[in-house]
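Okay, so here's the structure we're looking at.
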Amino acid sequence: MSLEQAKGKLDEIEAKFDELNRQMNDPEFCSDHLRYTAAAKAHGELREVAESYHAYRQTLKDIASAQEYLSAADPSERDFYQEELENARVLRDQLQEKIRVLLLPKDTNDDRNVFVEVRAAAGGEEANLFAAELFRMYTRFAERKGWKTETMEYQESGVGGVQDVTFKIEGQGAYSQLKFEGGVHRVQRVPATETKGRIHTSTVTVAVMPEAEEVDVQLDEKEIKEDIYHSSSAGGQNVQKVATAIRLTHLPTGLVVTCQDERSQLQNKIKARTVLRARLYELELQKAEDSAAGARRSQVGSGERSEKIRTYNFPDGRITDHRIGYQSHNVAGVLDGDIQDFITRLILADQAAKLGDAN
């Protein structure tokens, strides 16, 4: 869609933004906390589009002025006005593209918190070790963003690895940033236990789910089987005398959620229900997307070595995202949470694909 085609919509957005500005500067209006809060939220949602559109229209005026001055300029001034004209045209084109992206349909889940599941797949203990590294990578990324993390479910392996871990990340726009991390992550390296120096290939699956509200998913108690058991360590030994660990089985789908991280049975039950709700919500999102766009490959797949979205190649010191063909040679930095470059490029690629569909 061109900006000319979207002019009516953009004019409406700008008018609404101006009206909200007027209301929020009215003392009487501001005295009503609920109305002010709703207006402030709407104002924030419209700000970037309205301000970009205002700047775009200003560049059109600047271009017209520069063309007028250029046509009447003395030869000694022509270079100056020609440069002004070219700069204004560049800015116009940049603002056009920005506004087109801003007008793309928004993912209603983008502002939500997320649950991330990391599970060792093919590769035995080496996969467990890499799962632990990915878990750390995402928690370090969250720290860099100033977000809060909370472990919901954690099953370690015997040598410091992780069989599977589910954790929650709370932060503004967490889902928008992490939703493209779902899939199979493949690692190629020489394991510490390898005596002949051979490179092994292992895989870890990652699933990213937006946090679901109670209004999104209603849990029917008749459809949930609850088991209570003793929390255990990686070696299988009981670590508590009182049974506090919770296992929830959603009978219609077969989804199973366990939680043993908390000392309180009630706290574990609350956590497990929260994770179950997120998994069921993700199923509903997938069904809706499948019906709208045809069947799509699951985020996780089977975990086979041939399936991958990203490969971490240690011998070559290279990480490759196969969806966009992008490579980074900052292996240590990425595993320490420096994944913003990948995330930004994936978001831009998604926006470009949507823009192509809109044309």
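The values are calculated or read from the model by the stated rules, or taken from the named source; none is laboratory data. Keep in mind that this is a model prediction, so the values were computed, not measured. Don't worry about glycine lacking a Cβ; one is built from the backbone with ideal geometry, like all the others, and counts go over all protein chains shown.
Just a few scattered comments:
- Any hit, the range 60-67, residues being under 16 Å from Ile13 (Cβ atoms) and either in contact (Cβ under 8 Å) with a residue 60 or more places away in the chain or outside the structural domain of Gly173 (by TED's automatic domain parsing) (or both): no
- Complete set of residues in the range 219-247 that are at pLDDT 75 or above and assigned to a loop (DSSP other than H, G, I, E, B): Leu219, Asp220, Thr244
- All positions within the range 87-99 that are of a type in the set (A, V, I, L, M, F, W, C) and crowded, with 16+ Cβ neighbours inside 10 Å: Ala88, Leu91, Leu95, Ile99
- Only one of Ala73, Ala64, Ala127 that is under 30 Å from Gln188 (Cα atoms) and aliphatic (A, V, I, L, M): Ala127
- Within the range 248-271, one or more residues are farther than 15 Å from Met152 by Cα, modelled with pLDDT of 80 or more, surrounded by 16 or more Cβ atoms within 10 Å (Cβ to Cβ) and not aliphatic (A, V, I, L, M).
- Taken over the range 199-224, the criterion of being exposed (fewer than 11 other Cβ atoms within 10 Å of the Cβ) and either of a type in the set (Val, Ile, Thr) or touching a Ser or Thr at 6+ places or on another chain (Cβ under 9 Å) (or both) is satisfied by Val215 alone.
- So Ser52, is it farther than 18 Å from Phe17 by Cβ and among the hydroxyl-bearing types (Ser, Thr, Tyr): no
- Selection status of Leu280, within 27 Å of Thr149 (Cβ to Cβ) and modelled with pLDDT of 90 or more: no
- In the set (1) surrounded by 12 or more Cβ atoms within 10 Å (Cβ to Cβ); (2) without any contact (Cβ under 8 Å) to a residue 24 or more places away in the chain; (3) outside any helix (DSSP H, G or I), the condition left unmet by Leu3 is number (2).
- Pairs with Cβ under 7 Å, 6+ apart, first in the range 111-136 and within 21 Å of Ala272 (Cα to Cα), second among the hydroxyl-bearing types (Ser, Thr, Tyr): Arg112/Tyr175; Val114/Tyr175; Phe115/Thr166; Val116/Tyr138; Glu117/Thr166; Arg119/Thr205
- Residue count for the range 319-339, restricted to those that are under 18 Å from Gly183 (Cβ atoms) and not in a loop (DSSP other than H, G, I, E, B): 8
- Whether a residue is among the acidic types (Asp, Glu) and farther than 24 Å from Leu283 by Cα was assessed, and Glu153 does not pass this test.
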